[in-house]
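A.B. asks: Sharing a structure here in structure tokens format.
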Amino acid sequence: MSKPIAKDKMTMDFEAFKKEVLSDYKLAYESRQASLIGRKEVLTGKAKFGIFGDGKEVAQLAMAKAFQKGDFRSGYYRDQTFMFATGMNSIQNFFAQLYAHTDVEAEPNSAGRSMNGHFGSRLLDDNGQWLPQTDRYNSSSDISPTAGQMPRLLGLALASKLYKQNPELHQYTDFSNQGNEVAFGTIGNASTSEGGFWEVMNAAGVLQVPMVMSVWDDAYGISVPAKYQTTKENISALLSGFHTDELGPGVDIYKAKGWDYAELCQVYKEAVEHSRTLHRPVLIHVTEVTQPQGHSTSGSHERYKSKERLQWEQDFDCIKKMREWMQETNIATAQELDELEKEATDYVNQAKKQAWEAYLAPLKKDIATCIQYLNDIDHPSAAEAVKTLQSTKDAIRKDIGMAINQVLIATIQQPSSERTALKQFYEQFIVDNFERYSSHLHSESAHRALNITEVKPIYADDKLVDGREVVLACFDAALERDPRVLAFGEDVGTIGDVNQGFAGMQEKYGEIRVSDTGIRELSIIGQGIGAAMRGLRPIAEIQYLDYLLYAVQIMSDDIATMQYRTKGGQKTPLIIRTRGHRLEGIWHSGSPMGMIINAVRGMHVCVPRNMTQAAGMYNLLLQADEPALVVECLNGYRLKERLPQNIAEFTVPLGVPETLQEGSDVTIVGYGSTLRIIQDAMQKLQQLDISCELIDVQTLLPFDVNHLIVESLKKTNKVVFIDEDVPGGATAYMMQQVLEIQGGYNYLDSAPLTIAAKAHRPAYGTDGDYFSKPNAEDIFIAIYNMMHQYHPSKFPAW
Ligand SMILES: Cc1ncc(C[n+]2csc(CCOP(=O)(O)OP(=O)(O)O)c2C)c(N)n1
Ligand SMILES: [Mg+2]
């Protein structure tokens with residue numbers, strides 16, 4: 001009796017299996033068509049640049065099968081098939097991105113801001129609040145720097161470990177099902193040459209996190225073959241020492257061929273299950289991958305690939321091989337497949353057409369409106385502009401901007417109500433395009449940092465403690481209050497950081513929340529980025545400001561662009577803590593603030609002068625949903641401060657300078673450790689009856705949002721900007737803000753001045769420091785000379 005049932009079941013299973021395989025094949029074929037057609041769209045001028053996932057289709061089908069709801073992807077520009085297979089992108093979305101359609105519904109990855117192939121899912125709702133993650137597939141948003149996806153990937157995987165191992169986090173079911181989620185990384189073979197790849201693989205092995213790293217190995221990185229990229233031309237062979245063995249758990253290595261559907265499905269199933277259940281990182285080396293159209297639309301691969309290689313790529317094309325396999329195993333006939341391919345091609349052409357029409361529709365509307373305004377203007381330039389707009393094929397917004405501007409210039413001497421109407425239309429056009437192309441540099445949610453209210457510190461008595469005890473009390477309160485808060489970095493765990501700001505915290509809150517990391521600044525920050533994207537509140541510590549440079553790349557490329565490049569679709573409210581400005585020597589007393597603030601627009605940069613201000617900023621940032629860097633003063637931990645009674649609640653608002661001393665002759669603007677040196681100089685100046693007003697900017701980004709500094713200039717009519725950065729660094733930035741943005745030049749009676757460190761790094765020793773950085777004597781002389789020039793009879797030459 002059981003036999004026929006089994007046979008039926010087999011037949012049913014076969015039918016289901018066939019259906020699944022055919023549906024996979026169809027999707028792979030559609031994806032291939034999207035690549036082929038996409039390239040044509042670029043070459044015919046409808047899109048500017050194209051980079052496609054052809055050759056990588058079949059492996060991505062297998063990866064998608066193992067991808068579950070709640071999981072995350074952190075990948076790169078070849079992953080279109082995976083995005084289609086998981087439904088995170090449609091083919092129409094794909095073309096919308098190719099055309100740079102700025103509508104977020106049409107192009108959910110980046111609202112037209114990123115070039116094609118830069119994927120990402122919407123993690124936030126329209127108000128910037130987290131959407132649930134466990135009920136859907138998730139992809140972090142791609143960036144172009146090769147291996148730039150790696151640091152973030154580590155954090156996405158680490159979050160699962162944190163959610164699993166800390167029972168207090170089990171309540172956050174929108175973010176994790178007790179840590180059951182896997183973070184999937186993808187990377188090209190050549191990009192594994194980057195340091196960040198190796199750093200993250202090692203860190204993943206140390207941390208033992210559920211991370212599945214796929215390498216799409218097509219043996220090239222643009223034109224450069226594997227022999228110049230990878231020792232022995234084999235990344236999995238190189239990584240074999242990472243494999244779990246008798247020495248301990250590591251990163252388990254799998255291999256599969258990029259054209260072998262059955263093998264890929266099997267390997268992905270096994271590897272992902274292994275990673276998910278054991279929380280073990282794995283790497284899947286997908287070999288024998290091709291690039292049918294070469295690297296991108298920028299050039300052809302015939303220039304650098306041999307005839308043999310090109311022939312091999314044709315023979316081992318994954319779609320061709322999958323088709324052959326389906327025929328050989330009687331899954332489908334040639335006729336069935338031909339039909340399916342035709343359907344797929346039609347479908348893609350249709351999607352392309354719809355995407356193009358949807359992209360053009362608002363443009364056409366804007367052009368029609370613009371023409372209406374132009375037609376109202378009685379001037380030859382307007383008729384000319386209309387003609388140009390009408391004859392330009394697929395005119396874009398740039399054409400509108402140029403046309404209107406041209407007419408406004410030509411009619412500048414002929415005011416009319418029609419010209420005013422055109423000008424108003426132009427002004428609205430600028431506003432609309434600001435929204436399209438420049439919104440969301442920062443969070444625009446209700447929780448943005450500038451929305452968090454100030455709570456002043458309250459003091460019970462005048463008792464003084466070491467500065468480090470103030471930040472320690474603040475961190476203790478934060479860890480106590482919110483299980484999502486965690487801190488990590490070099491020496492942060494056992495000893496509670498090199499300056500004891502976390503002393504005893506690991507003992508109190510456990511290793512899962514306060515932990516030591518390896519010496520790997522880039523991935524410490526990456527750990528924070530990914531964890532913050534999954535709803536946690538990490539404080540990632542970089543031991544000294546001088547070593548932040550290792551992480552500035554990822555801060556700049558990933559953190560600072562995240563809100564912007566997704567038009568508010570993703571955020572990473574990570575706090576980076578470090579200390580700088582002053583200790584000893586070339587690599588322990590740097591203050592490269594100009595470099596930093598210019599690299600991380602999109603983040604906040606706080607420069608608290610003491611530990612109380614720092615604590616107030618941490619308290620504020622922990623309530624906000626934005627990423628920030630806090631640079632504490634290295635020489636401030638043992639200086640005495642009062643401990644606020646409301647250490648857990650008080651906040652220091654961002655972008656609000658504080659006047660530390662009032663004065664009438666000169667306004668001095670500075671921050672951080674330098675303020676104490678300035679105060680020394682001010683005492684000397686006071687002896688000669690020069691009264692200085694000292695302002696601490698407190699945060700460089702944002703900078704004096706209420707324009708308080710210019711109010712001081714109105715009184716003193718003179719201004720000096722002082723810090724320990726190189727000349728023309730952050731002092732130049734502060735000067736631009738005050739003189740240009742705040743209109744401070746209107747109130748000046750003498751040339752503005754910047755006083756900075758020497759252009760070199762600070763030399764070692766007390767004298768090295770004295771002659772490298774602005775000292776009280778330098779500051780005195782510079783300001784005295786300013787006063788001499790202003791009033792030579794009262795202040796004779798120095
Ligand atoms: C840091 C950085 N350097 C250089 C580039 C330019 N670039 C873009 S893709 C690429 C080659 C990447 O090759 P591979 O990792 O093998 O990926 P594939 O394109 O072959 O899939 C290069 C050099 C870049 N985007 N980022
Ligand atoms: Mg490659």
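The values are calculated or read from the model by the stated rules, or taken from the named source; none is laboratory data. None of these values were measured; they are calculated from a predicted model. Using ideal geometry, Cβ is built from the backbone for each residue, glycine included, and neighbour counts are taken over all protein chains shown. The protein model used for the area step is the full one, side chains on, heavy atoms only, and it has no ligands, DNA or RNA in it. Shrake-Rupley method; radii C 1.70, N 1.55, O 1.52, S 1.80 Å.
A.B. asks: Roughly how big is segment 225-269's charge dipole about its Cα centre, with Cβ charges of +1 (Lys, Arg) and -1 (Asp, Glu), in debye to the nearest 20?
C.D. replies: Details: 5 positive and 6 negative charges, 45 e Å.
In total the dipole reaches around 220 debye.
A.B. asks: Per residue of the chain, what 222 nm ellipticity follows from adding -39500 (n - 2.57) for every DSSP H run with n ≥ 4, rounded to the nearest 500?
C.D. replies: Working: 27 runs with 345 residues, N = 798.
So the calculated ellipticity at 222 nm is -13500 deg cm²/dmol.
A.B. asks: Of all chymotrypsin sites (Phe, Trp or Tyr not before Pro) in segment 338-376, which ones are in loop regions per DSSP and have a Cβ with at most 13 other Cβ atoms within 10 Å? Kindly include the intermediate steps, with their values, before the conclusion.
C.D. replies: On the way: sites: 347, 356, 359, 373; in loops: none.
Taking segment 338-376 and a limit of 13 other Cβ atoms within 10 Å, no loop chymotrypsin sites (Phe, Trp or Tyr not before Pro) are found.
A.B. asks: May I ask you to list the chymotrypsin sites (Phe, Trp or Tyr not before Pro) in segment 586-648 that are in a DSSP loop and have at most 10 other Cβ atoms within 10 Å of their Cβ?
C.D. replies: On the way: sites: 587, 618, 637; in loops: 587, 637.
Those that pass, being in a loop and sparsely packed, number zero.
A.B. asks: Working from Cα positions, state the angle (0 to 90°, nearest 10) between the long axis of helix 397-410 and the longest principal axis of the chain.
C.D. replies: Approximately 50 degrees, to the nearest 10.
A.B. asks: Please work out the average accessible area per residue across segment 104-253, using the 1.4 Å probe convention, and give it in Å². Walk me through the numbers before you get to the answer.
C.D. replies: On the way: 5390 Å² over 150 residues.
Heavy-atom accessible area per residue stands at 36 Å².
A.B. asks: A further question on this structure: If you take every residue apart from residue 98 with its C-beta less than 12 Å away from the C-beta of residue 98, what net charge results, scoring Lys and Arg +1 and Asp and Glu -1? The partial results should precede the final answer.
C.D. replies: Details: positive: 39, 40, 46, 48, 352; negative: 41, 107.
Result for the local shell: +3.
A.B. asks: Place a +1 charge on the Cβ of each Lys and Arg in segment 256-389 and a -1 charge on the Cβ of each Asp and Glu, then give the dipole magnitude about the Cα centre in debye, rounded to the nearest 20.
C.D. replies: Working: 17 positive and 23 negative charges, 94 e Å.
So the magnitude is around 460 debye.
A.B. asks: When Lys and Arg each count +1 and Asp and Glu each count -1, what net charge do the other residues less than 15 Å away from residue 748, Cβ to Cβ, add up to? Walk me through the intermediate numbers first.
C.D. replies: On the way: positive: 714, 715, 718; negative: 665, 693, 711, 740, 749.
Result for the neighbourhood of residue 748: -2.
A.B. asks: Select from 115, 477, 310 the residue farthest towards the positive end of the dipole of the chain; place +1 on Cβ of Lys and Arg, -1 on Cβ of Asp and Glu, and compute about the Cα centre.
C.D. replies: Of the listed residues, the answer is 310.
A.B. asks: Please state the shape class of segment 575-675: rounded when a/c is under 1.5, otherwise prolate if a/b exceeds b/c and oblate if not, all from the C-alpha gyration tensor.
C.D. replies: Working: a/c = 1.23, a/b = 1.05, b/c = 1.17.
Rounded is the answer for segment 575-675, as its axis ratio a/c remains below 1.5.
A.B. asks: Next up: Give the angle, between 0 and 90 degrees and rounded to the nearest 10, that separates the Cα long axis of helix 149-165 from the longest principal axis of the Cα atoms of the chain.
C.D. replies: Between the helix axis and the principal axis of the chain, the angle is about 90 degrees.
A.B. asks: Still on this structure, I have one more. Kindly express, to the nearest 10 degrees and within the range 0 to 90, the angle between helix 261-278's C-alpha long axis and the longest C-alpha principal axis of the chain.
C.D. replies: Orientation of helix 261-278: about 40 degrees from the principal axis.
A.B. asks: Which of rounded, prolate or oblate describes segment 725-785 when judged by the alpha-carbon gyration tensor and an a/c cut-off of 1.5? Mind showing how you got there, number by number?
C.D. replies: On the way: a/c = 4.43, a/b = 1.86, b/c = 2.39.
Judged from the Cα gyration tensor, segment 725-785 comes out oblate (a/c at least 1.5, b/c at or above a/b).
A.B. asks: Something else now. I'd like to check one number: the per residue accessible area of segment 669-798, probe 1.4 Å, reported in Å² as a whole number. Don't skip to the end; give the middle numbers.
C.D. replies: On the way: 5550 Å² over 130 residues.
Ligands and nucleic acids excluded, the result is 43 Å² per residue.
A.B. asks: At a 1.4 Å probe radius, carbon and sulfur cover how many percent of the accessible area of the chain?
C.D. replies: Values: 17050 of 32500 Å².
Reported share for carbon and sulfur atoms: 52 percent.
A.B. asks: At q = 0.10, 0.21 Å⁻¹, what log₁₀ I(q)/I(0) does a Debye calculation on the Cα points of segment 488-604 give, no solvent, two decimals?
C.D. replies: The Debye formula, applied to the Cα set alone, gives -0.31, -1.18.
A.B. asks: Which trypsin sites (Lys or Arg not before Pro) does segment 343-452 hold that lie in a coil by DSSP with at most 10 other beta carbons within 10 Å? Each step should come with its number before you reach the end.
C.D. replies: Working: sites: 352, 353, 364, 365, 387, 393, 397, 398, 419, 423, 436, 448; in loops: 393, 448.
Answer in residue order: 393.
A.B. asks: Now a separate question. What pairs in 40/69; 387/423; 387/567; 18/269; 26/353 have C-alpha atoms more than 24 Å from each other?
C.D. replies: 40/69; 387/567
A.B. asks: What is the antiparallel percent of DSSP beta bridges lying wholly in the chain, to the nearest 5?
C.D. replies: Counting only bridges with both partners in the chain, antiparallel ones make up about 20 percent.
A.B. asks: Could you please state, rounded to a whole Å, how far the C-alpha centre of segment 365-419 is from the C-alpha centre of segment 569-613?
C.D. replies: 47
A.B. asks: Where does each of 541, 427 land when they are ordered by accessible area, with a 1.4 Å probe and the largest first?
C.D. replies: Highest to lowest solvent-accessible surface, that is 427, 541.
A.B. asks: How many Å² of accessible area per residue for segment 486-618, probe 1.4 Å? Each step should come with its number before you reach the end.
C.D. replies: Details: 3200 Å² over 133 residues.
Averaged over the residues of segment 486-618, the accessible area is 24 Å².
A.B. asks: With charges set only on the Cβ (+1 for Lys and Arg, -1 for Asp and Glu), what does the dipole of segment 51-130 come to about its Cα centre, in debye to the nearest 20? List each step's numbers first, then the result.
C.D. replies: On the way: 7 positive and 9 negative charges, 61 e Å.
That gives a dipole near 300 debye.
A.B. asks: Report, by chain and number, residues whose modeled amide H sits under 5 Å from the one on residue 283, excluding near sequence neighbours (fewer than 5 apart, same chain).
C.D. replies: Answer set, sorted by chain and number: 213, 252, 253, 254.
A.B. asks: Further question on the same structure: With the Cα gyration tensor of the chain giving a ≥ b ≥ c as the square roots of its eigenvalues, does the rule (a/c under 1.5 for rounded; else a/b larger than b/c for prolate; else oblate) give rounded, prolate or oblate? Walk me through the numbers before you get to the answer.
C.D. replies: Numbers: a/c = 2.29, a/b = 1.41, b/c = 1.62.
The shape class here is oblate.
A.B. asks: Can you check what the net charge comes to around residue 780, using other residues whose Cβ is under 11 Å from the Cβ of residue 780 (Lys, Arg +1; Asp, Glu -1)?
C.D. replies: On the way: positive: 684; negative: 680, 777, 778.
Around residue 780, the charge tally is -2.
A.B. asks: Which distance in Å, rounded to a whole number, links the C-alpha centroids of segment 91-146 and segment 642-660?
C.D. replies: Segment 91-146 and segment 642-660 have Cα centres separated by 38 Å.
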